[in-house]
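The values are calculated or read from the model by the stated rules, or taken from the named source; none is laboratory data. Remember, predicted model here, so these are calculated numbers, not experimental data. All Cβ positions, glycine included, derive from the backbone under ideal geometry; neighbour counts span all protein chains shown.
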Amino acid sequence: MVAVVRLFENLETFHEEDRRNNQNNNGRENEGYYIRLMIPYKYVTKLIGAGGCMVKDLSARSNGAHIKVMSDKQATKDQRECLVSIGGTLS
């Protein structure tokens, strides 16, 4: 988890440098960034929350990040990992 946090911190640093330099920005301010994470399957229901409330809360607190759990509802419980996609702008 520490690696993921550091990755986003580095992206934020690059974004701030681009904004300060403001050279040939060409709309990169609103450029989207996406990352996909594999999480243990047993945490999927905790991430989603009842009726999707946790995903909605995370999206709202992050100013509109797109969070999608890329799992098949018919997947067996023996599945060990689930793909989660997170996307949005750094601003």
- request: Report whether or not Leu11 is at pLDDT below 80 and aliphatic (A, V, I, L, M).
  value: yes
statement: Of (1) under 12 Å from the mean Cα position of the chain (by Cα); (2) surrounded by 13 or more Cβ atoms within 10 Å (Cβ to Cβ); (3) at pLDDT below 80, Glu31 fails just (1)
